1. Show the residue pairs that are 6+ apart or on different chains and have beta-carbon atoms under 9 Å apart, the first residue being within the stretch 153-164 and over 16 Å from residue 232 (Cβ atoms), the second being among the polar types (S, T, N, Q).
2. So which residues in the stretch 122-176 are assigned to a helix (DSSP H, G or I), of a type in the set (Asp, Glu) and either crowded, with 17+ Cβ neighbours inside 10 Å or in contact with a helix residue (DSSP H, G or I) (Cβ under 8 Å, 6 or more places away or on another chain) (or both), if there are any at all?
3. Looking at the stretch 179-190 only, could you name the residues that are surrounded by 16 or more Cβ atoms within 10 Å (Cβ to Cβ), farther than 16 Å from residue 238 by Cβ and not small (Gly, Ala, Ser)?
4. Scan (1) free of Cβ contacts under 8 Å to residues at least 12 places away in the same chain; (2) farther than 26 Å from residue 18 by Cα for the single condition residue 257 breaks and write down its number.
Amino acid sequence: MNCSNNKLKSITKAVVPAAGKGTRLMPLTKAVPKELMPLGKKPVLEHIIDEIAEAGITEVLFVISEEKTAIRTHFGESLNGIKFDYVFQDEQKGLADAIYCAREWVGDEPFTVVLGDSTIETNQVVSPYTRLIDAYRDTDAACVIAVEEAPLEEVSRYGIVKPMNGVAPLFQIDGLVEKPTPEAAPSRYAIAGRYAFDPSIFRYIEQTPTGAKGEYQITDSIGLMLNSGNPIWCVALGDGETRRDIGTFEAYFEAFTHEMRKHNS
């Protein structure tokens, strides 16, 4: 499983897609990007940048829209030892398209993707994000995905992976499906908003057809990468680890309340 070119597979860059309109959180997001809404005592994105900094990442590219320049105003050029860059996604056409906006900035280096509206809480010494970076470095993976076990009735909301030889803290897959029905789901392990990629992913994004709503799904791009013979691995969230998505009012209120209870306990 170990690679001989670990140095070449070391990751120092993260892409943070944050251009979405936040329509499910209207009218709040007319004034404030959802990624800058408070989660406890600081904005959602500051929690995510803390996670990124802890993993040793030194460069971050925010993919934003012209309506969300408040993110650039908030973070500026650097924070916590991380250098920030920004690129505009002119039209929101799916996660694969947002990632493709980073191709020039990434160049020929491996990189991670961290969704800007999704935090991961952990009670482990090593975070799932750090484990994901380590797994990319230490395996033959062209892509590593963080995954979380979802209730069967909720699998139709996520991209779901198909384990190759059973599930473990680190496991390989031989398929993945975007938003399957519970009956058709190959497992209950849902993609949890963190990825590590070989730069060849951009080639597969270029080959990706549009899916629902005319958008380009990164799940489909990863599927093309997998079908071309590239190994795809997964890092599973374990006990005491939870992804919190702030894309809806219900999820946001739950995440905010949980964060405040942590501070007040």
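1. Correct list of pairs: 155/181; 155/187; 156/181.
2. Result: 134, 138.
3. 179, 180, 186
4. (2)
Since every read-out is calculated from the coordinates, none of them should be taken as a lab result. As the structure is a prediction and not an experimental result, all values here were calculated from the model. With ideal geometry, Cβ positions are generated from the backbone for all residues, glycine too; neighbour counts draw on all protein chains shown.
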